[in-house]
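Colleague: What follows is a structure written as structure tokens; I'll ask about it next.
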Amino acid sequence: MGGGPESGSVWWLGFWQTARHAHWWLSADVRLPDRADPLAVGSIELDRLTEPLAALAAALPGLVATERAALVDVDRRIADTLPRGDDPASTASAIATRIELLGDRAAVLGAAARRAWTGAMVDPAGNLALFRELGGILLPQELRDRLRTAHAADTTLVVAPGPGLSGVPWELLVVDDDHDVRLVERATVLGGVSPAMLVNLARPASRAGGGRAVRVVDPTAAGSRTGGGRIYPDGVPEAWRSRTGDGDALLGAGAAGGCSPAELSAALQSQEWSRLVFVGHASATDPAMPTSAGLELAGDGETGDSRLTAGQWLRDPTRWPAPRRVGFVACQSDDAGYTEQIGLTLAALNAGARTVVATRWSLPSDGSERLVAGGAPIGSATTALALAVDAALGTTDPVGAIGEWQRDRLACWRSARSDAARRLHAPLVWSALVTYDVPDAAVSAIPGAEDQPVTRRPAPGSPRHDAPRVPPAGDAAEVAKTSLAAGVAAFGRADWQEAREHYLAALAAFTACGDLKGVADATTNVGNTAYFLGDLEEAADRYRTALPLYRDLDLDRQVAVVGQNLGNVSFQRGELDVAAEQYRAAAEALLRGDFRRHAADTLVNLGAVLIELGRPHVALGHLDQAGALYRETCDESELGGKLAELDQNTGLALAGAKSFERARAHLLSALRHWQSDEPSAERAARANHNLGLVAFRAGDLPEAQLRYTRALEHFHTVGNEHEAADARLGLGTVARHRGDVRAARSNFRQAQEHYRRTGQWLAYAQAAFNEGLTHPGDSDRRFDLLAGAWAAMQSMSWRLAHVSERAAWRAALDHANDEVLETARLGGRDRQFAELVESLRIAGTLRRVAPTPLSPTPLTPASQEEADRDSPFVEPLPSMTLSAGPVVPWAASSAADEAPCDAPPWIDCGWPPTLVDAVARAEEIVAVTGATTLPLRRGAVSLIPLLSRHPEEEGPG
């Protein structure tokens, strides 16, 4: 690859795909001081990529959508084909049908193989046309101009494609409009990993060099059908045995028991290896979850584990220490296709690797070309690929060796004179490779991730004991009872201030007569009024005061109810990960105690959280469960109201799924109930608010204006400023879409003031973002508002422990990503544009220590006697049916899905970071919530060491 870093050019081409665009930025050679700015930035409309990417997918191994659906149907029919009883004729018929269906299954797989072996990844003319089109779209003209005269030996292009473009074989892109010149002929192409993911890697790299190798070849057990079975059913090729020298290890390789995760661990720990080459199957149990990707091995005799997942490897890197060089010749082992690049590649880097070779797509098995009509065996293209990776990783310059081998394959394919030769050398196999190479300087130059101090509002102090000092006149117990009843009546009228006064009087009376349960009940209800009066800090403080009292009294239902109310406070304050855990814990405790109706209320809140994040289908499952519980536990007088609340949330879930007519029908049903069957102006206003939301999403602005206005009029009249602010946010959005900038800004600013004052930082950020959208597209004011609010909203990512939750959160912000990037581009803010793209590549820096538990103290099962001690005067807050802003869901997650993050560092793209003002504004927004906010940044990391390329030398790394 040339000599030192000053001998050649190195480029970084970074992409991030949103709902409408593939945004990109291109670095100049950032090592030169006069080339600090990005060479170019831009945005590609996804419509331009739809057809060529579909053509590429059709040319690759694996199943396309229609084939996948056909296979699912065949598998379902096979599972349904069962004999009836012991009738021999029925048994014979079932066997015959199954045999026929198995033939249909093989036909689907065979058709997929024929499609791949005859498509554009094998046929030269089709390949040239496809990659000329993709090259013209994906390679910036500024880069193409420089590549025309470049030499692969001294030019390197590091491509960070992001999820949407991870399957593109960049090496094949045509760089010359007039000639068939491919990118691999003009540059060494590497995969890009964000430097933020390299903070504090768990293990240092071992020495470089071509020493002893550990090869894991076809490691599943004989006869195993898990993980795809054996790749060499007729025996491992002799080539693998012949290259295994003294001191090398060959694991699996036809052994009856294969190689288990424990055996691989023992081998890796036994000595320092120079390289690990895995040749076998890789799979992911969840295609959206990078930590579920794993290597298929043999079952462990003790645990039964047969996979080494990325999640396991990230959590326990010392158990599977990685050599400096690692090769995964396994289907789709690359992790660039995930929203977060924390799959097998990062797991290997974290465990000590510095050069990792992986594959972008499923590899065809040796011999699958025989399925082509008239095809003859061509040799072992996939085995040849694996042997080439093994050989390259044993050289002093593995990156250069892989590039040379690929250029040789390209030449052989072009010069082939027969179909068999073209298939043998086809890019269908060799262009699947992607190589990551992390120089030691890129790790050693990254600072430690020490928390930076963040100024925050002081946390709530000791539990409150501020009941009125004047003891109640008359019988304290009677005063307590009547005051509590009066508070409940006022609360039912939504007169929060009057209710508060009665509850405080009840609290004083209960305190005077020493009734601890009464003290807890009154304290909880004071917290409820504080919640609706906008003092979330007092509400949380009151609830925390009541919790230990209920625990001491063994009143587990009330413990769960207060836990749910704390979840509501956390939701409003933007502490959404905490809210999700509190709802989950409350629901589980209530179900354990057989308090099924209250559990249904909590499940409704959990459903509302899922809706707002954009997980409507999961939300519908929780809402269905809540509906079933209501029907089991509610009498006729109560059931109608509960089902009306359920209609509200079901309507919002259906709106999230873009089923607007069905959503509107559910919400209108709820509105009729609250207007006629069980009149409640408060709940009717809430229904109007949500009808406004559905109308807006459906594009009916007049209807949205009407509904939001009706909701605002009621909420403002009764002093419910929480929901009034939400309605103003909706009205502002309608006004912005109608072009009424003055009305839009007025509504957004009023909403912001309320959210800021009450500590609702996430809603505050959303309102600020919407105000930013009212300014011209290239204005400084627009960018300042959008970027600060966007950075605050993004900070939620590193609060969440689960990959699936972070992915859903980021998807919910997709429109915001588009808007802030487009504003930066139109305003000529190329540096900010580049930093924004790179910040989207990460959801945080992987945490190297176990996360601090955020869930409440585990609850014990309730006893039946608890119902006898329940007071009718303390209930959970109303079910959440508002749409103030996105919130985080709770959903069942596997251990593999947990990959807690810390706040990410700055990404230094070759110039001093330029988003300082945006981050400062984000910190101001988030600071209104109090003491639980994580810092937004933890030092700076730079792309520059990642782009300093030179071959490794023998000796310590």
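Colleague: Please give the helices (runs of 4 or more DSSP H) falling wholly within region 384-452 in which 1 or more residues are over 30 Å from R114 (Cα atoms), in contact with a strand residue (DSSP E or B) (Cβ under 9 Å, 6 or more places away or on another chain) and at pLDDT 90 or above. Reasoning before the result, please.
Modeller: Numbers: elements: 398-415, 419-424, 427-430, 440-444.
Per the criteria, 398-415.
Residue-wise test of (1) outside any helix (DSSP H, G or I); (2) free of Cβ contacts under 8 Å to residues at least 40 places away in the same chain; (3) of a type in the set (G, A, S).
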position	(1), (2), (3)
L620	no, yes, no
L623	no, yes, no
E632	no, yes, no
L639	no, yes, no
K642	no, no, no
A655	no, no, yes
L668	no, yes, no
E682	no, no, no
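Colleague: Looking at D541, D521, which one is touching a Lys or Arg at 6+ places or on another chain (Cβ under 7 Å), in contact (Cβ under 8 Å) with a residue 40 or more places away in the chain and part of a helix (DSSP H, G or I)? Give the derivation first.
Modeller: Details: D521 fails: touching a Lys or Arg at 6+ places or on another chain (Cβ under 7 Å).
The unique qualifying residue is D541.
Colleague: Let me ask something else. Can you find a residue in region 313-329 that is at pLDDT below 90, more than 20 Å from R212 (Cβ to Cβ) and in a helix (DSSP H, G or I)?
Modeller: Yes.
Rundown of residues vs (1) surrounded by fewer than 18 Cβ atoms within 10 Å (Cβ to Cβ); (2) not in a helix (DSSP H, G or I), yes/no style:
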{"residue": "G103", "(1), (2)": "yes, no"}
{"residue": "L109", "(1), (2)": "yes, no"}
{"residue": "A113", "(1), (2)": "no, no"}
{"residue": "A116", "(1), (2)": "no, no"}
{"residue": "A129", "(1), (2)": "yes, no"}
{"residue": "L134", "(1), (2)": "no, no"}
{"residue": "L143", "(1), (2)": "no, no"}
{"residue": "A150", "(1), (2)": "no, yes"}
{"residue": "L157", "(1), (2)": "no, yes"}
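Colleague: I'm trying to understand the selection: among the residues of region 275-301, which are open to solvent by less than 10 Å² (accessible area, probe 1.4 Å) and touching a Lys or Arg at 6+ places or on another chain (Cβ under 6 Å)?
Modeller: If the condition is that a residue be open to solvent by less than 10 Å² (accessible area, probe 1.4 Å) and touching a Lys or Arg at 6+ places or on another chain (Cβ under 6 Å), then V277, G294 are the ones that fit.
Colleague: May I ask you to verify whether L591 is over 25 Å from E682 (Cα atoms), open to solvent by 10 Å² or more (accessible area, probe 1.4 Å) and either assigned by the TED database to the domain that holds E645 or not hydrophobic (A, V, I, L, M, F, W, C) (or both)?
Modeller: Against the criterion (over 25 Å from E682 (Cα atoms), open to solvent by 10 Å² or more (accessible area, probe 1.4 Å) and either assigned by the TED database to the domain that holds E645 or not hydrophobic (A, V, I, L, M, F, W, C) (or both)), L591 qualifies.
Colleague: When you check R728 against the structure, is it basic (K, R) and surrounded by 24 or more Cβ atoms within 10 Å (Cβ to Cβ), yes or no? If you could, list the steps in order and put the result at the bottom.
Modeller: Numbers: basic (K, R): yes; surrounded by 24 or more Cβ atoms within 10 Å (Cβ to Cβ): yes.
Taking the combined requirement at face value, the residue satisfies it.
Colleague: Still on this structure: For V849, are the conditions met, namely being among the aliphatic types (A, V, I, L, M), at pLDDT below 90 and open to solvent by 40 Å² or more (accessible area, probe 1.4 Å)? So that I can check it myself, show each step before the final result.
Modeller: Details: among the aliphatic types (A, V, I, L, M): yes; at pLDDT below 90: yes; open to solvent by 40 Å² or more (accessible area, probe 1.4 Å): yes.
So V849 fits the description; yes.
Colleague: Which residue is surrounded by the fewest Cβ atoms within 10 Å (Cβ to Cβ), if the candidates are limited to region 186-229 and must be modelled with pLDDT of 80 or more and closer than 21 Å to T383 by Cβ?
Modeller: V214
Colleague: Out of E713, E703, E721, I need the residue that is touching a His at 6+ places or on another chain (Cβ under 8 Å), open to solvent by 30 Å² or more (accessible area, probe 1.4 Å) and not assigned by the TED database to the domain that holds S637. Which one? Even if it seems obvious, please write down each step before you answer.
Modeller: On the way: E713 fails: touching a His at 6+ places or on another chain (Cβ under 8 Å); E703 fails: touching a His at 6+ places or on another chain (Cβ under 8 Å).
Only one candidate qualifies: E721.
Colleague: Looking at H502, H465, which is the one that is modelled with pLDDT under 85 and under 20 Å from Q558 (Cβ atoms)?
Modeller: Working: H502 fails: modelled with pLDDT under 85.
The unique qualifying residue is H465.
Colleague: What number of residues in region 488-509 are in contact (Cβ under 8 Å) with a residue 60 or more places away in the chain and more than 18 Å from G534 (Cβ to Cβ)? Steps first, answer last, please.
Modeller: First, the residues of region 488-509 that are in contact (Cβ under 8 Å) with a residue 60 or more places away in the chain: 488, 494-497.
Filter once more, keeping what is more than 18 Å from G534 (Cβ to Cβ): 488.
Total meeting the criteria: 1.
Colleague: Checking L82 against (1) open to solvent by 40 Å² or more (accessible area, probe 1.4 Å); (2) outside any helix (DSSP H, G or I); (3) touching a strand residue (DSSP E or B) at 6+ places or on another chain (Cβ under 9 Å), which test does it fail?
Modeller: (3)
Colleague: Something else about it: With the requirement that a residue be among the charged types (D, E, K, R) and open to solvent by 50 Å² or more (accessible area, probe 1.4 Å), what does region 302-322 give you?
Modeller: Step one: list which residues in region 302-322 are among the charged types (D, E, K, R), which gives 302, 305, 307, 315-316, 319.
Matches in region 302-322: E302, D305, R315, D316, R319.
Colleague: Something else: Of the numbered conditions (1) closer than 23 Å to N688 by Cβ; (2) buried (at least 21 other Cβ atoms within 10 Å of the Cβ), A600 satisfies every one except a single condition; which is it?
Modeller: Failed condition: (1).
Colleague: Next up: Looking at S676, is it under 31 Å from the mean Cα position of the chain (by Cα) and among the polar types (S, T, N, Q)? Steps first, answer last, please.
Modeller: On the way: under 31 Å from the mean Cα position of the chain (by Cα): no; among the polar types (S, T, N, Q): yes.
When the stated conditions are applied, S676 does not pass them.
Colleague: What's the total number of residues in region 765-796 that are assigned to a helix (DSSP H, G or I) and surrounded by fewer than 21 Cβ atoms within 10 Å (Cβ to Cβ)? Steps first, answer last, please.
Modeller: Initial filter on region 765-796 (assigned to a helix (DSSP H, G or I)): 765-772, 780-796.
Now drop any that are not surrounded by fewer than 21 Cβ atoms within 10 Å (Cβ to Cβ), which leaves 780-781, 784.
Looking only at that region, the number is 3.
Colleague: Taking region 539-575, which residues are acidic (D, E) and within 27 Å of W798 (Cα to Cα)?
Modeller: Start the filter on region 539-575 by keeping residues that are acidic (D, E), which leaves 541, 552, 554, 556, 575.
Of everything in region 539-575, those that are acidic (D, E) and within 27 Å of W798 (Cα to Cα) turn out to be D541, E575.
Colleague: A further question on this structure: Can you confirm whether V236 is touching an Asp or Glu at 6+ places or on another chain (Cβ under 7 Å) and either small (G, A, S) or assigned by the TED database to the domain that holds G394 (or both)?
Modeller: Values: touching an Asp or Glu at 6+ places or on another chain (Cβ under 7 Å): yes; either small (G, A, S) or assigned by the TED database to the domain that holds G394 (or both): yes.
Considered against the rule, which asks whether it is touching an Asp or Glu at 6+ places or on another chain (Cβ under 7 Å) and either small (G, A, S) or assigned by the TED database to the domain that holds G394 (or both), V236 comes out as yes.
Colleague: For residues in region 283-334 being of a type in the set (V, I, T) and within 22 Å of the chain's Cα centre (by Cα), which is farthest from A347 (Cα to Cα)? It would help to see each step written out before you state the result.
Modeller: Residues of region 283-334 that are of a type in the set (V, I, T), as a first pass: 285, 291, 303, 309, 318, 326, 329.
Those still in the list that are within 22 Å of the chain's Cα centre (by Cα) too: 285, 291, 309.
Numbers: T285: 17, T291: 9, T309: 9 Å.
Top of the filtered list is T285.
Colleague: Okay, moving on. Return yes or no: is A619 in the same structural domain as Q564 (by the TED database) and either more than 22 Å from L654 (Cα to Cα) or surrounded by 24 or more Cβ atoms within 10 Å (Cβ to Cβ) (or both)? Walk me through how you get there before you give the answer.
Modeller: Values: in the same structural domain as Q564 (by the TED database): yes; either more than 22 Å from L654 (Cα to Cα) or surrounded by 24 or more Cβ atoms within 10 Å (Cβ to Cβ) (or both): yes.
Judged against the criteria, A619 is a match.
The values are calculated or read from the model by the stated rules, or taken from the named source; none is laboratory data. Since the model is a prediction, treat every value here as computed from it, not as a measurement. Every residue, glycine among them, receives a Cβ derived from its backbone with ideal geometry; neighbour counts consider all protein chains shown. Surface accessibility is based on the protein's heavy atoms, side chains included, excluding ligands, DNA and RNA. Shrake-Rupley method; radii C 1.70, N 1.55, O 1.52, S 1.80 Å.
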